[in-house]
Amino acid sequence: MLLLATSTATFGQTKFFKYNKNIDGYWGSVWLDAMDFNQVVITGGYDEFVIHQAGKHPSEYIMKVTINRMTVEKDKKKKKIVIKSKNWYEYSGTVEYFSWKENPGFKDIVKSWPFGALNASFKESKNAITYKVPATIKIAPYMDNPEVYNIWFEGYGIGIDFKM
């Protein structure tokens with residue numbers, strides 16, 4: 001019983017989402033449906049989730065996002081105050097992703113992400129490097145549960161929208 005009371009809120013086993021990218025200080029003009037073109041989904045909870053190819057096991061993820069000390073606000077009065085203020089919740093965390101040894105860092109895969117990450121099995125390649133980097137995660141004000149995340153790391157932003 002105690003385990004249930006203290007467990008992190010989850011959004012279910014697998015979640016479809018839309019995404020956008022901030023490259024060189026500019027957000028893309030449209031949100032892209034991750035299932036339409038890239039065939040990727042999210043599995044996990046609000047404070048830790050993995051992005052992986054649909055039909056593959058979540059352990060074969062292309063990106064893992066972990067948010068430190070996140071709590072999902074349950075108090076409706078507090079939620080309304082944050083919604084009116086239009087201030088986003090802000091947390092620190094980490095992003096884990098894979099890149100090639102020849103082109104290290106996210107800068108060489110950001111334009112093709114997440115599609116480029118699906119073209120190769122990064123985890124199994126001898127030419128791949130695993131990066132676990134600090135991130136700032138901003139979550140838009142919400143009435144029920146968190147829906148829109150902006151994940152900032154290495155000078156880039158990945159926007160995730162669970163409202164599908």
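Length gained on full extension, residue 154 to residue 90, computed as 0.36 nm times the residue gap minus the Cα-Cα distance: 21.4 nm.
Note on residue 15 and residue 128: the extension gain reaches 38.0 nm, defined as 0.36 nm multiplied by sequence separation minus the Cα-Cα distance. Counting 0.36 nm for each residue step from residue 163 to residue 71 and taking away their Cα separation leaves a gain of 31.2 nm. When you count the other C-beta atoms within 10 angstrom of each residue and take the mean per peptide, 42-52, 105-115 line up highest first as 42-52, 105-115. Shape class of segment 13-83 from the alpha-carbon gyration tensor: oblate, with a/c at 1.5 or above and b/c at least as large as a/b.
Please work out the C-alpha center-to-center distance from segment 44-73 to segment 133-156 and express it in whole Å. Cα centres, segment 44-73 to segment 133-156: 13 Å.
Quick note: the coordinates plus some simple rules give every number you see, no bench work behind them. Predicted, not measured: the structure shown is a model, and the values here were computed from it. Don't worry about glycine lacking a Cβ; one is built from the backbone with ideal geometry, like all the others, and counts go over all protein chains shown.
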